[in-house]
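Note sheet for the following structure.
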Amino acid sequence: MAETAVSAAVSTPSLPVPTALPVRAVLPWAAFVGLLMIVALYFVGAEQGATSVFSGTEVHEWVHDGRHLLGFPCH
């Protein structure tokens, strides 16, 4: 009996190459998200009292539970 040696090609799994993300493409979005976060923090933390933009308590009632969750005193 003749035995033939079959060479099996050993393949290594290819890893995905991360793509470079240019800072100029990300910077406007990061600034926009940062501005939205600052506005949200204002409405949750300071929209009631001397610095209020809107009169009444509607905004305070909408963000009341968020104020307690984040540790802002409100009453």
Under Stokes-Einstein, with the Kirkwood radius over Cα pairs standing in for Rh, what whole-number D in µm²/s applies to the chain at 25 °C and 0.890 mPa s? 138 µm²/s
Considering Cα pairs under 8 angstrom that are at least six residues apart, work out the relative contact order of the chain and quote it in whole percent. 19 percent
Between the DSSP loop rule and a limit of at most 11 other Cβ atoms within 10 Å, which chymotrypsin sites (Phe, Trp or Tyr not before Pro) in the stretch 19-56 are left? F54
Send over a whole-number figure in Å² for the accessible area per residue of the chain, probe 1.4 Å. 93 Å²
Degrees separating the helix 23-45 axis from the principal Cα axis of the chain, which is the longest one: 40 degrees
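The values are calculated or read from the model by the stated rules, or taken from the named source; none is laboratory data. It should be emphasised that the depicted structure is a prediction, and the values quoted were computed from it without experimental measurement. In this analysis, Cβ positions are derived from the backbone assuming ideal geometry, glycine residues included, and neighbour counts consider all displayed protein chains. Quick note on the areas: whole protein, heavy atoms, side chains included, nothing else; ligands and nucleic acids left out. Shrake-Rupley method; radii C 1.70, N 1.55, O 1.52, S 1.80 Å.
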